[in-house]
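Single-structure report; data block below.
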Amino acid sequence: FETLYSSNGFQVDGDEDLDLTPPNTPQLESPANGNDTSDTEIEFTWSREDVPGTAERDSIFIYSNESLQELTTKALGANKTHIETLTPGTYFWLVRAYDAAGNESEASTTFNFTINN
């Protein structure tokens, strides 16, 4: 048997303004890793240099276990800070950045701190 074979090609002209660059990875600042406090109102701070392109936002994740399975709080950070009132215990936290184009950063390192009774 013989079949006819034909080949067609095409080219996709992409959007030259398409943002494919993920935000920089946030660097945690406070509460410092291993910190102990008696305050239940905690101010979280971190730094991250913005990448030119689409708007970026940071999400903070606060867990109550080291395996990061028990999420206590997920919130948006404003100006690389977030204030949360927590009960006594040990917490683990990290931050990840996202942009409006759908890119996301690597997760920051994970810090832990303890609120004493």
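Go through (1) within 16 Å of the chain's Cα centre (by Cα); (2) open to solvent by 90 Å² or more (accessible area, probe 1.4 Å); (3) under 16 Å from residue 113 (Cα atoms) one by one and return the number of the condition residue 70 breaks.
(1)
Looking only at the stretch 71-90, how many residues end up being more than 21 Å from residue 25 (Cα to Cα) and in a strand (DSSP E or B)?
Residues that pass the stated criteria total 5.
Is it the case, given these coordinates, that residue 84 is charged (D, E, K, R), open to solvent by 90 Å² or more (accessible area, probe 1.4 Å) and over 14 Å from the mean Cα position of the chain (by Cα)?
Here the answer is no, as residue 84 does not meet what is asked.
Go through (1) under 17 Å from the mean Cα position of the chain (by Cα); (2) part of a strand (DSSP E or B); (3) not small (Gly, Ala, Ser) for residue 36 and report which single condition fails.
(1)
Collect the residues in the stretch 42-70 that are out of contact with any Pro (no Cβ under 7 Å at 6 or more places or on another chain), in a loop (DSSP other than H, G, I, E, B) and in contact (Cβ under 8 Å) with a residue 40 or more places away in the chain, keeping them in residue-number order.
53, 54, 55, 66, 68 - these are the residues of the stretch 42-70 that are out of contact with any Pro (no Cβ under 7 Å at 6 or more places or on another chain), in a loop (DSSP other than H, G, I, E, B) and in contact (Cβ under 8 Å) with a residue 40 or more places away in the chain.
Within the bounds of the stretch 7-28, is there any residue that is exposed (fewer than 13 other Cβ atoms within 10 Å of the Cβ), at pLDDT 95 or above and either among the β-branched types (Val, Ile, Thr) or more than 13 Å from the chain's Cα centre (by Cα) (or both)?
Within the stretch 7-28 (the criterion being exposed (fewer than 13 other Cβ atoms within 10 Å of the Cβ), at pLDDT 95 or above and either among the β-branched types (Val, Ile, Thr) or more than 13 Å from the chain's Cα centre (by Cα) (or both)), the answer is no, since none of the residues qualifies.
Determine which single condition residue 112 fails, assuming it passes every other condition in (1) in contact (Cβ under 8 Å) with a residue 60 or more places away in the chain; (2) open to solvent by less than 40 Å² (accessible area, probe 1.4 Å).
(2)
The values are calculated or read from the model by the stated rules, or taken from the named source; none is laboratory data. From a predicted model like this one, the values you see are computed outputs, not experimental measurements. Cβ sites come from the backbone with ideal geometry, for glycine too, and all protein chains shown count toward neighbours. Accessible surface is based on the protein model in full, side chains and every heavy atom, while ligands, DNA and RNA are left aside. Shrake-Rupley method; radii C 1.70, N 1.55, O 1.52, S 1.80 Å.
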